[in-house]
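> One structure is given below, represented as C-alpha cells, and several questions about it will come after.
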Amino acid sequence: MRDMCGLVPAPSNQTSGPKAPMQPVFEWKVFVFRVGIATFSILETVMCYLAFLTTTDPRATFYNKFEAHVLQLPGYDVVLVCLAVINTVYLFLFWVVVAIYKLKIWRNLCAVRLIFSISSGLLCFVLVLYAEQVHIYPFLCTLCVLMHLGFVFLGFLHPMRRQVSAARLMICYTGISIVAMLTLAWVILYAVDGMVFFRNDKCLASSNRAMPVKIRGIADWQCVKWGQLHHIVHEPTPGEEPYQAHCSTTFHAFGRTPLPGGKAPERRAQLVRCPAQCQSLGLGTLVVGCDVYDARSAVCSAAVQMGLLQPNQGGVVKVVGREARASRYYGRCNRNTILSTESAPIQTNTSSTSNIRQEWAFYFQDAPGREADDMLTLHGWHKVEGEVPANEPWRRFSADVSWVLGGGTLKRREVQLGPLTGDDEVEPEIQLNFCHGDKPQPENVCP
C-alpha cells in the first residue's frame, strides 16, 4: 500500500551496527500521478459507456441530424461499447497486479492501456463533431482521454530510484505541453460552439424525441414516433373567439378560404357557438351527409345529429373543414331527431369561386367514435442511393408514411427526409423535417 501511494523507504546513513528500521518517504509527485491516472481512467471508461448510450439503437430514435450521421456508420455503437468493456476489464486487472500482487509494472501497464484509451477517444471525437453541442458525454470522454494521456507523460517524468535522462525530460515536457494545448483548444471549441466541421446553417443540431411532420393545410407540426399510430388533433387559432352562428348558418359563412390551388378549406379547427331552440323553431333543417357533411349543411343541426349538442340546446362546437367527397354522396342517417339527406344538387354558377365553395365539406373531430378520421403513421425508413454532401446526411433517407384526414382516403407515400429544396415550387403534401435554422423559436421541434 505504501508503494501504491508513493511512499518509498528512506536511505539509511548508518554504515555499521544493527540496521535501523526503514522510514517511508512520501513522494508527492508519484502520489499525484497515480491518483490522476486512476481518476481519469475510471472517468474515461464511464463517459465511454454514456457516449455509447447516445448512439445505441439509432434506428428507433432517428429524429435528428445526429442519428442520420450515426446510421451511416453501422456497428459504431458496438465498437464503442466493446472498447468500454475492454477498458473496464483492463482496469480491474491493473488493480489486481499492482495492489494485490505488488508488481511494480504500473508504468508499463499505463502505457499499454493508451492503445484502448486513445481508440475510444477518437471514436468519441467523431461523435462530438456530429453532435455539436447536443450530447456532452462524447466530449467529456475525449477530455478524460487527454487528461489521462497528460498524466502518463507526468508519470514517466518522475520515475523512482533513478535519474531521468535529458532525452526523456524533453519528450515528457513536450508531450505534456502538446496535451495541455490540445485540451485547452478542445474545451474552448466546445464552449464557444465551434464544432462547425459538419455544420449546416439550414439544419442545426437538435434533440427531438419524435419526428416533426407537416401536412399541407394543417398549420401545426405533428410529433410522430416510428411505428406508432398518431392521432392528428386540429386546434383553433389561439385566442380566436367562437363564431356566433344562427340556426341555419352553413360552413361557408365562416370556413377559411382554400390554400392557393386547393379545393378544400384550411384544416385548422374553428369554434362555433350555436343558439338554442333551433329544432323547436324548425330552423336549420338542411343537413346533407352523415359523419361528414356537405358545406351547405346547417352546422348546428349537424352537431346535434353527431351528439355534440342536445336538441334545442346551444353550445360551442369545434368544426374542421375538408375537401368534398368525389362522388358528392355523403350518406344519410337519423340521429338525435335530425334526419339528413344523402346528397344535394350541385349548384351551377358561372363564378369559379362559387363552384369551388360548394365542393367543401366539414366534420366534427370531437364526435364520439371518430378518432380514426385523422391518423398518421411512420411505418419505417430506408436508405436511398446517391452521393450527398457530408453535412446533409438526412438526404440519404426516405420514409414510408401513411395518413388520413377527415375520414377521407388513406394515402401512403415515400417521403424524402429534410427541408424543402430550391426546386420545390409548391409546398409538398407532407414533409418530414427535423432541420431548422437559427430561429429563436422554430416550429418543427418535438422535445
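The values are calculated or read from the model by the stated rules, or taken from the named source; none is laboratory data. In this text, all values refer to a predicted model and were calculated from it rather than measured experimentally. Methodologically, a virtual Cβ is constructed for each residue, glycine included, from the backbone with ideal geometry; neighbour enumeration extends over all protein chains shown. The accessibility values were calculated without ligands, DNA or RNA, using every heavy atom of the protein model including side chains. Shrake-Rupley method; radii C 1.70, N 1.55, O 1.52, S 1.80 Å.
> Out of all the residues in the range 265-289, which are touching an Asp or Glu at 6+ places or on another chain (Cβ under 8 Å) and either crowded, with 17+ Cβ neighbours inside 10 Å or on the phi > 0 side of the Ramachandran plot (or both)? Spell out the reasoning first.
From the range 265-289, those touching an Asp or Glu at 6+ places or on another chain (Cβ under 8 Å) are 268-271, 288-289; that's our starting set.
Residues satisfying the conditions are R268, A269, Q270, V288, G289.
> Based on this model, can you work out whether V81 counts as touching a residue at least 40 places away in the same chain (Cβ under 8 Å) and under 35 Å from the mean Cα position of the chain (by Cα)?
Numbers: touching a residue at least 40 places away in the same chain (Cβ under 8 Å): no; under 35 Å from the mean Cα position of the chain (by Cα): yes.
No, not satisfied.
> Where in the range 147-261 are there strands (runs of 3 or more DSSP E), lying fully within it, with 2 or more residues that are farther than 24 Å from M47 by Cβ and open to solvent by less than 50 Å² (accessible area, probe 1.4 Å)? Show your work before the answer.
Details: elements: 211-215, 222-224, 229-231.
Answer list for the range 147-261: 211-215, 222-224.
> Restrict the check to the range 171-188 and report whether at least one residue is in contact with a Phe, Trp or Tyr (Cβ under 9 Å, 6 or more places away or on another chain) and under 24 Å from K439 (Cβ atoms).
no
> Kindly indicate whether S352 is farther than 25 Å from R273 by Cα and either at pLDDT below 95 or open to solvent by 20 Å² or more (accessible area, probe 1.4 Å) (or both).
Details: farther than 25 Å from R273 by Cα: yes; either at pLDDT below 95 or open to solvent by 20 Å² or more (accessible area, probe 1.4 Å) (or both): yes.
Yes.
> Please identify the pairs in which a residue from the range 263-275 that is closer than 27 Å to Q313 by Cα and part of a strand (DSSP E or B) has its Cβ atom under 6 Å from the Cβ atom of a residue that is modelled with pLDDT of 95 or more and of a type in the set (S, T, N, Q), counting only partners at least 6 apart or on another chain.
From the range 263-275, the pairs are R273/Q244.
> Output the number of the condition that L283 fails; it satisfies all remaining conditions of (1) assigned to a loop (DSSP other than H, G, I, E, B); (2) within 30 Å of Q416 (Cβ to Cβ); (3) hydrophobic (A, V, I, L, M, F, W, C).
Failing condition for L283: (2).
> Considering only residues of the range 404-447 that are among the β-branched types (V, I, T) and in contact (Cβ under 8 Å) with a residue 40 or more places away in the chain, which is least open to solvent (accessible area, probe 1.4 Å)? Spell out how you get there, then give the answer.
Residues of the range 404-447 among the β-branched types (V, I, T): 404, 409, 415, 421, 426, 430, 445.
Checking which are in contact (Cβ under 8 Å) with a residue 40 or more places away in the chain leaves us with 426, 430, 445.
Values: V426: 107, I430: 13, V445: 57 Å².
Among those that are among the β-branched types (V, I, T) and in contact (Cβ under 8 Å) with a residue 40 or more places away in the chain, it is I430.
> Also, I was wondering about something else. Answer yes if at least one residue in the range 394-415 is outside any strand (DSSP E or B), acidic (D, E) and either closer than 18 Å to L229 by Cα or touching a helix residue (DSSP H, G or I) at 6+ places or on another chain (Cβ under 6 Å) (or both), and no otherwise. I'd like the intermediate steps shown before the answer.
In the first step, residues of the range 394-415 are kept if they are outside any strand (DSSP E or B); the result is 394-396, 405-410.
Filter once more, keeping what is acidic (D, E): none.
No, the range 394-415 contains no residue that is outside any strand (DSSP E or B), acidic (D, E) and either closer than 18 Å to L229 by Cα or touching a helix residue (DSSP H, G or I) at 6+ places or on another chain (Cβ under 6 Å) (or both).
> Determine, yes or no, whether Q365 is in contact with a His (Cβ under 6 Å, 6 or more places away or on another chain) and either assigned to a loop (DSSP other than H, G, I, E, B) or at pLDDT below 95 (or both). Step through it out loud before you land on a result.
Values: in contact with a His (Cβ under 6 Å, 6 or more places away or on another chain): yes; either assigned to a loop (DSSP other than H, G, I, E, B) or at pLDDT below 95 (or both): yes.
When the stated conditions are applied, Q365 passes them.
> Test of understanding: among H252, H231, which residue is more than 21 Å from the chain's Cα centre (by Cα) and touching a residue at least 40 places away in the same chain (Cβ under 8 Å)? Full working, then the answer.
Working: H231 fails: more than 21 Å from the chain's Cα centre (by Cα).
When all the criteria are applied, what remains is H252.
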